[in-house]
Amino acid sequence: MMAEDQTAADAPRQTTAYLKRLFAQVGFTIDARRGQNFLVDLNLIDLLVRTAEIGPRDVVLEVGSGTGALTERLAAAAARVVSAEIDPRLAQLARDRLVDRDNVVLVEGDALAAKHRFAPALLEAVAAATAACGEGRLLLAANLPYCVATPVISNLLALPRPFDAAVVTVQREMAERMTAAAGTRAYNALSVWIGAQCRGEIVRVLPPSVFWPRPKVESAIVRLDLDPERRAAIGDLARFHDFVRDVFCHRRKLLRGVLLRMAGGKREETARRTVEAAFAALGLGAEARAEEIPPADFVRLAQAFEEAGKTV
């Protein structure tokens, strides 16, 4: 690995000046619609890689190859890297930079086939890489474009084989939602979905100046570690995801009323008994609201609501 690490260290530094020269040479113009903000602080790129704690048997998924600067460093540490890039112009620049990296598979195209579904080609590439690497972990490590950060994280956690850990740069507001505790301002459906499966922390808040072009908001590096016991407690992931999303459509309303509407397909008295049974199972008070309930209790609430509906 020493020779590979040295190759990465000797590669061109992704600075603002370097990107401007490179893009001028190839006639590349920034496409703001695709969230093209390049991390130009090498120390932070290295921090992201170190935080991921990549082992020699691990497979890394990267969404947003860019010019391949981060991909190159991931490839120096991992067994294999699967990297997705939607912009064909950037994909070619990344291929040029990674020409000697035989452990990188670059998938050109959108990582998402739809809002709630990954592109089959990307999933196939990840499956092939994990199968080839045996017992290694699957990691997500990426400077995620703001516009796809939420569906990328959410959809990966919905898969039968999710990531074991994720280290990503995202908008600071999203980072706060991803790691928020119940009862805080940032707590929402995403907080519950992630918190019910992972332990999370904000590693570093990033100012706009470490990106080019500069975004208008702060960003953050976030680390998520999958907790198998938390995930196993959920049972039906798809049903739980729908339940959380439906409840948080009315997050500040009294939870009892929200659940009554969700049970609206039943007769009024049956719906009322369903909700009362679910509340009793968790010991919730009449004034409870969704934004006050921790992820683990949300898992119990979803199960109690479903079981109560079967028995009343």
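The numbers here are math on the coordinates, done by the rules we state, and not lab data. On a predicted model such as this, the values are computed, not experimentally measured, just so you know. As a convention, Cβ positions derive from the backbone with ideal geometry for all residues, glycine included, and neighbour counts pool all protein chains shown.
Scanning region 218-239 for residues that are crowded, with 18+ Cβ neighbours inside 10 Å and closer than 18 Å to Thr179 by Cα yields a total of 7.
Per this entry, Leu106 is not counted among residues that are touching a helix residue (DSSP H, G or I) at 6+ places or on another chain (Cβ under 9 Å), assigned to a helix (DSSP H, G or I) and either of a type in the set (Asp, Glu) or crowded, with 20+ Cβ neighbours inside 10 Å (or both).
In this entry, Ala17 is excluded by the filter for residues that are at negative phi, in contact with a strand residue (DSSP E or B) (Cβ under 9 Å, 6 or more places away or on another chain) and part of a helix (DSSP H, G or I). Applying the criterion of being of a type outside the set (Asp, Glu) and at positive phi to the residues of region 22-66, the residue that is surrounded by the fewest Cβ atoms within 10 Å (Cβ to Cβ) is Gly27.
Taking region 49-63 as the range and being assigned to a loop (DSSP other than H, G, I, E, B) and over 22 Å from Glu201 (Cβ atoms) as the test, the residues that pass are Pro56, Arg57.
Only helices (runs of 4 or more DSSP H) whose full extent lies in region 210-296 are considered here, and the ones with at least 2 residues that are among the acidic types (Asp, Glu) are 237-248, 268-282. The residues of region 135-183 that are basic (Lys, Arg) and more than 22 Å from Asp110 (Cβ to Cβ), listed by number, are Arg137, Arg172, Arg177. In region 297-310, the residues that are among the small types (Gly, Ala, Ser) form Cβ pairs under 6 Å with partners that are buried (at least 21 other Cβ atoms within 10 Å of the Cβ) and assigned to a helix (DSSP H, G or I), at six or more places apart or across chains, as follows: Ala302/Phe240; Ala302/Phe243; Ala304/Ala278; Ala308/Thr274; Ala308/Ala278; Gly309/Thr274.
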